[in-house]
Every structure is written in C-alpha cells, then in structure tokens.
Amino acid sequence: MENKGTPILLIILGLIILAVPLLGLIPLSLITGFIVLFLGFGLILSGIATMGESAGMGILEIILGIIALVLGIGFIFNPGLFSWLVGFIVWIVGLFLIIAGIIGVISGAGGNRWNGAIALIIGILYVIIGTFVANPQVLGALIGLWLLITGILMLFVKE
C-alpha cells in the first residue's frame with residue numbers, strides 16, 4: 001500500500017491556506033528573510049576580508065550585504081514587502097519579455113515572427129500576474145492553490 005500521508009497533508013494545508021492566505025505567505029517570507037539575512041552577514045564578512053586584495057570589490061560586497069540585511073529584516077517583519085518584491089520581479093520579467101517580443105515581431109529574427117508574438121503575449125500575462133501577486137492575499141492564495149494541486153496530483157497520478 002502506498003503512502004498517502006504527504007498528499008493528504010498537502011491538500012489539507014492547501015485548503016487551510018486558501019481559507020487564510022497569509023498563513024502561506026508568512027512562513028515563506030520568514031524563511032526567505034532569514035536566508036537573505038544570513039546572505040547579508042556573509043557578504044559583509046566577505047567584503048571585509050576582500051578589502052585587503054581589492055578595495056572596490058570589498059566595498060561592493062559590503063554594500064550588497066547591507067542591502068541584503070535590510071531586505072532580510074524587511075521580509076521577516078513585513079511579509080507585504082516580500083509579496084511586493086515578488087510581484088515587482090515578475091512584472092520586470094514581463095516587461096523584458098514584452099520588449100523582446102516586440103523586437104522579435106518587428107525584426108522577424110530567424111524568419112519566424114510567431115516567437116516574438118508568443119513572447120509578447122507571455123510578457124503581457126507576466127505583467128498582469130505581477131500586478132496581482134504584489135498583493136499579499138493573492139500571493140498567499142496562490143501558494144495555497146499550489147499546495148492543493150500538488151497534493152491532488154501526488155494522490156491520483158501514478159509514477
């Protein structure tokens with residue numbers, strides 16, 4: 001008999017998080033915040049150690065470390081910042097896809113303008129999704145939906 005515990009747990013967690021979306025966002029924001037916080041400490045220590053070899057690289061690592069510390073603390077104490085940053089990154093990727101799509105359609109690179117059109121459509125979808133994902137409630141609901149779908153697939157799809 002197969003182990004059905006994990007899929008059932010994922011389905012239950014997915015339903016709970018769909019009911020209360022912030023329950024899915026807060027743990028993800030906390031985990032990411034601590035990882036980014038440790039990254040910041042590592043970058044600062046590395047920057048201090050690198051100062052003797054290359055002052056420019058050392059200063060760059062220290063600046064990146066300070067930015068990572070600020071983001072890590074922000075993710076830990078404000079899950080909305082995490083959600084906003086995820087939405088912003090998805091939005092920026094969409095913008096790049098739109099630009100690449102327009103260039104592809106105009107230039108017809110490789111004789112196939114459909115690649116550019118598809119990139120343009122996907123870019124527009126990314127911008128729309130990025131706008132919605134910046135809302136912590138929506139991102140939390142997407143996490144719950146992902147858990148639910150993963151649990152259902154694990155339960156019914158045989159390998």
Open item on the list: Quick check on region 28-45. Is at least one of its residues surrounded by fewer than 16 Cβ atoms within 10 Å (Cβ to Cβ) and closer than 30 Å to Phe156 by Cβ?
Closed with: yes
- [ ] For residues that are among the hydrophobic types (A, V, I, L, M, F, W, C) and either in contact with a strand residue (DSSP E or B) (Cβ under 7 Å, 6 or more places away or on another chain) or within 23 Å of Leu30 (Cβ to Cβ) (or both), tally how many sit in region 46-78.
- [x] 11
TODO: Go through (1) crowded, with 18+ Cβ neighbours inside 10 Å; (2) within 26 Å of Gly140 (Cβ to Cβ) one by one and return the number of the condition Leu95 breaks.
DONE: (1)
Open item on the list: Go through region 21-59 and report how many residues are outside any helix (DSSP H, G or I) and within 20 Å of the chain's Cα centre (by Cα).
Closed with: 1
Open item on the list: Scan region 111-119 and tell me whether some residue there is surrounded by 13 or more Cβ atoms within 10 Å (Cβ to Cβ), over 21 Å from the mean Cα position of the chain (by Cα) and of a type in the set (Gly, Ala, Ser).
Closed with: yes
TODO: Filter region 138-153 for residues that are surrounded by fewer than 19 Cβ atoms within 10 Å (Cβ to Cβ) and either basic (Lys, Arg) or at pLDDT below 90 (or both) and give the result.
DONE: Val138
Open item on the list: If Ala68 meets every condition in (1) buried (at least 16 other Cβ atoms within 10 Å of the Cβ); (2) more than 18 Å from the chain's Cα centre (by Cα); (3) modelled with pLDDT of 95 or more apart from one, which number is that one?
Closed with: (2)
Task: Of all residues making up region 135-158, the number that are touching a residue at least 12 places away in the same chain (Cβ under 8 Å), over 26 Å from Leu81 (Cβ atoms) and among the aromatic types (Phe, Trp, Tyr) - done: 0
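The values are calculated or read from the model by the stated rules, or taken from the named source; none is laboratory data. In this text the structure is predicted, and so the values were computed from the model without any measurement. Because the Cβ atoms are built from the backbone with ideal geometry, glycine has one as well, and the counts that use them run over all protein chains shown.
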